[in-house]
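A short write-up of the structure that comes next.
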Amino acid sequence: YLLYRHYEKMAEDIEVPERGNESENLVPVLVYHGIVPGKPKNEEEVSPADFTDQMFTLKKEGYQTVSMDQFYRFVTQGESLPDKSFVLTFDDGRKDSYYPVDPILKALGYTATMFVITNTLNHPTLSPYYLSTEELRTMAHSGRWELQSHGRDDHVLIPVNATGGKGRFMSNKKWLASE
């Protein structure tokens, strides 16, 4: 609640510029993984300060989020979206994506989609890292989060060559020695 009040106060001063008749045909899709304190360990992570700055900058420039359903209809049926629309997504169902982000979404009136790796749900050794079913339920009921599947085994490594090399199954063909 205190974080939300802080972000809400920051958001009060934002004057959103008038929208022109820009009728854009491109919609950016922003993909985040973890929002982690300190210096991020890899390019998939962003600091809370950088994420906050990015979201507030987008809001000041008049950008607004759209849901995955709106985006799907835009792509498949040519349905129009408001100018300066973007899709905000997070991968893996990580706690460090939900907790620092939710107060910002609430303050800015933004929504996001969390892609959840389903084999992590209520896993006793992974629970400090991944969101639980109850946390996901809370997210879904907030109206700020949409939940989608990131797959069951998307981060499981599979054999990809004759020497035993391993890779992610979504970006590699599985090595089958008999074939």
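Side notes on the structure shown:
- Condition check for residue 101: out of contact with any His (no Cβ under 8 Å at 6 or more places or on another chain), modelled with pLDDT of 90 or more and not in a helix (DSSP H, G or I): no
- Taking residues in region 87-114 that are of a type in the set (D, E, K, R), and partners anywhere that are open to solvent by 20 Å² or more (accessible area, probe 1.4 Å) and in a loop (DSSP other than H, G, I, E, B), the pairs with Cβ atoms closer than 7 Å and at least 6 places apart or on different chains are 91/33; 92/33; 94/33; 94/129; 95/129; 102/144; 106/144.
- Every pair of residues 6+ apart whose Cβ atoms lie under 8 Å, when the first sits in region 132-157 and is more than 19 Å from residue 101 (Cα to Cα) and at pLDDT below 70 while the second is part of a loop (DSSP other than H, G, I, E, B) and open to solvent by 50 Å² or more (accessible area, probe 1.4 Å): 151/170; 153/169; 154/169; 154/170; 156/169
- All positions within region 164-178 that are assigned to a loop (DSSP other than H, G, I, E, B) and modelled with pLDDT of 80 or more: 164, 165, 177, 178
- Hey, residue 77 surrounded by 14 or more Cβ atoms within 10 Å (Cβ to Cβ) and polar (S, T, N, Q) or not: no
- Failed item in (1) without any contact (Cβ under 8 Å) to a residue 60 or more places away in the chain; (2) open to solvent by less than 60 Å² (accessible area, probe 1.4 Å); (3) over 20 Å from residue 144 (Cα atoms), with residue 62 passing the rest: (3)
- Residue match in region 100-115 (condition: over 26 Å from residue 6 (Cα atoms), surrounded by 14 or more Cβ atoms within 10 Å (Cβ to Cβ) and under 16 Å from the mean Cα position of the chain (by Cα)): yes
- Contact annotation: residue pairs with Cβ atoms under 8 Å, 6 or more positions apart or on different chains, pairing a residue in region 26-54 that is at positive phi with a partner that is part of a loop (DSSP other than H, G, I, E, B), are 38/47.
- Selected residue (criterion: least open to solvent (accessible area, probe 1.4 Å)) from residues of region 1-59 that are over 27 Å from residue 148 (Cα atoms), assigned to a loop (DSSP other than H, G, I, E, B) and at pLDDT 70 or above: 14
The values are calculated or read from the model by the stated rules, or taken from the named source; none is laboratory data. Computed from a prediction, not measured in an experiment: that's the story for all the values here. Heads up, the Cβs are rebuilt from the backbone with ideal geometry, glycines too, and the neighbour counts pull from every protein chain shown. Keep in mind that these areas ignore ligands, DNA and RNA; they rest on the heavy atoms of the full protein, side chains included. Shrake-Rupley method; radii C 1.70, N 1.55, O 1.52, S 1.80 Å.
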